[in-house]
Amino acid sequence: MGIRLVRVPVDDLEDFVHRAFIAMGLSDKEADYCTAGLMSSELRCLPGQGQGVGRLTGYYDRISKGLYQPGREIEVIRESPALALVDAKMVMGSVVGQEAMGIAIDKAKACGIGTCAVFNSTHFGSSGYHARRALESDCIGIAITNAGAEMAPWGGTSPRVGTNPWGMAAPSGGDFPVVLDIALTTAGKGMMRWHEREGKSMPLDWALTPEGLETDDPSAAMAGALLGIGQYKGYGLSLFTDILTGVVSGGGFGLAPYQDRSIAKLDVAHTFIAIDIAWFMPVGDFKARMDAFIAEIKSSELRPGFDEILVPGEIDHRRERAYRRDGAQLDAQVYEGLRGLADRLGIAFDI
């Protein structure tokens, strides 16, 4: 049982996404940030991960319910030369992430490192999108967020922490930066649904049934809890991500994010860190050292069954380059969903 993919020109898709955001009531600046965020996810992530343009419909539904607040401005509640605490005011998460990372970058340029913690936010897309913002200013970027509780603590069966993604980006002298963009679960519900649609089993370390049993049946696991990367290690990292985002910012953590829809508040928290490379050494020297490090990594002897050594972000870079050349590949269900959204918004669907 295969999943039908529809190949579409990237420029046409990007134009549609931007027009859709404008029709939802976003300003040009907000639409620019949100379009760039969804397109980055669509071009760099696997279709089954569910982080691309398929989220447009959900964003529209949340805007309609007041769970996102276009047109508001984030507010800096407290700051020092190197730190900032921001109330996101339920602004679109892609906007929050870009602006908060901008604050962290400004502080890094003044102090060598800058940190911006954010509460009262919303879904901000791929962490890597926000981490890469720091590269424009010759900084190393780190973006972490908490998420709805889907992972069981190690030894438990009930979800208590989220996938809690990390994004980390460092420049190099080569064709692409090194970018780590990961969730702290082995896989997410999006990939489980993808396997379910394909009629395929999934690895046993992805999720549990509601009874706490390992299973390779995605249908049996959809109502259960996800498992962390590296067993107890992923759980520990996810717990600390909640500490570094929701707990320290005064925002939601654990069971709170995405849970209480009755008060029109998603209660998501993020933290952004920028490290100014020039504080340590000339940027050119850093990139040369990065290139030497990458060359050492790639010089490793290959394991049986592997053709090459990749560094984080390399396969995403290749995928984006191919999609921009040949067209992005949309899940047919997503494609039809965008067509339906165009009708609801009263805009042309010309992808």
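The values are calculated or read from the model by the stated rules, or taken from the named source; none is laboratory data. Quick caveat, the model's predicted, so the values are computed rather than measured. Neighbour counts are summed over all protein chains in view; Cβ atoms, including those assigned to glycine, are modelled from backbone coordinates with ideal geometry. Heavy atoms of the whole protein, side chains included, go into the accessibility calculation; ligands, DNA and RNA do not. Shrake-Rupley method; radii C 1.70, N 1.55, O 1.52, S 1.80 Å.
In the set (1) in a helix (DSSP H, G or I); (2) farther than 23 Å from HIS130 by Cα; (3) of a type in the set (Gly, Ala, Ser), the condition left unmet by GLY305 is number (1). Within segment 147-159, the presence of a residue that is of a type in the set (Val, Ile, Thr) and open to solvent by less than 50 Å² (accessible area, probe 1.4 Å) is excluded.
Where residues in segment 220-240 are more than 26 Å from ARG62 (Cα to Cα) and assigned to a loop (DSSP other than H, G, I, E, B), which of them is most open to solvent (accessible area, probe 1.4 Å)? Applying the filter and picking the extreme gives GLN231. In segment 269-291, is there at least one residue being charged (D, E, K, R), in contact (Cβ under 8 Å) with a residue 40 or more places away in the chain, over 30 Å from VAL76 (Cα atoms) and in a helix (DSSP H, G or I)? There is at least one residue in segment 269-291 that is charged (D, E, K, R), in contact (Cβ under 8 Å) with a residue 40 or more places away in the chain, over 30 Å from VAL76 (Cα atoms) and in a helix (DSSP H, G or I). Can you say whether ALA169 is open to solvent by less than 40 Å² (accessible area, probe 1.4 Å), assigned to a strand (DSSP E or B) and among the aliphatic types (A, V, I, L, M), as far as the supplied structure shows? Answer is yes for this residue. Scanning segment 109-139 for residues that are under 20 Å from the mean Cα position of the chain (by Cα) and of a type in the set (Val, Ile, Thr), we see that the one that is most open to solvent (accessible area, probe 1.4 Å) is THR115.
Among the candidates GLU336, GLU320, the residue that is open to solvent by 60 Å² or more (accessible area, probe 1.4 Å), in a helix (DSSP H, G or I) and either within 30 Å of ASP106 (Cβ to Cβ) or modelled with pLDDT of 95 or more (or both) is uniquely GLU336. Could you say which residue among LEU255, LEU341, LEU302 is of a type in the set (A, V, I, L, M) and under 21 Å from ARG160 (Cα atoms)? Only one candidate passes the filter, namely LEU255. When the residues of segment 241-268 are narrowed to those that are touching a Ser or Thr at 6+ places or on another chain (Cβ under 8 Å) and assigned to a helix (DSSP H, G or I), which ends up surrounded by the fewest Cβ atoms within 10 Å (Cβ to Cβ)? Here the residue is VAL248. Scanning segment 196-219 for residues that are surrounded by fewer than 21 Cβ atoms within 10 Å (Cβ to Cβ), in contact (Cβ under 8 Å) with a residue 24 or more places away in the chain and in a helix (DSSP H, G or I) returns GLU196, ARG197, GLU198. Remark: SER121 falls outside the filter, which requires a residue to be touching a helix residue (DSSP H, G or I) at 6+ places or on another chain (Cβ under 9 Å) and free of Cβ contacts under 8 Å to residues at least 12 places away in the same chain. Restricting GLU296, GLU301, GLU308 to those that are farther than 30 Å from VAL86 by Cα, in contact with a Leu (Cβ under 8 Å, 6 or more places away or on another chain) and open to solvent by 60 Å² or more (accessible area, probe 1.4 Å) reduces the list to GLU308. Of the residues making up segment 323-333, those that are closer than 29 Å to MET24 by Cα and either of a type in the set (Phe, Trp, Tyr) or open to solvent by 30 Å² or more (accessible area, probe 1.4 Å) (or both) number 4.
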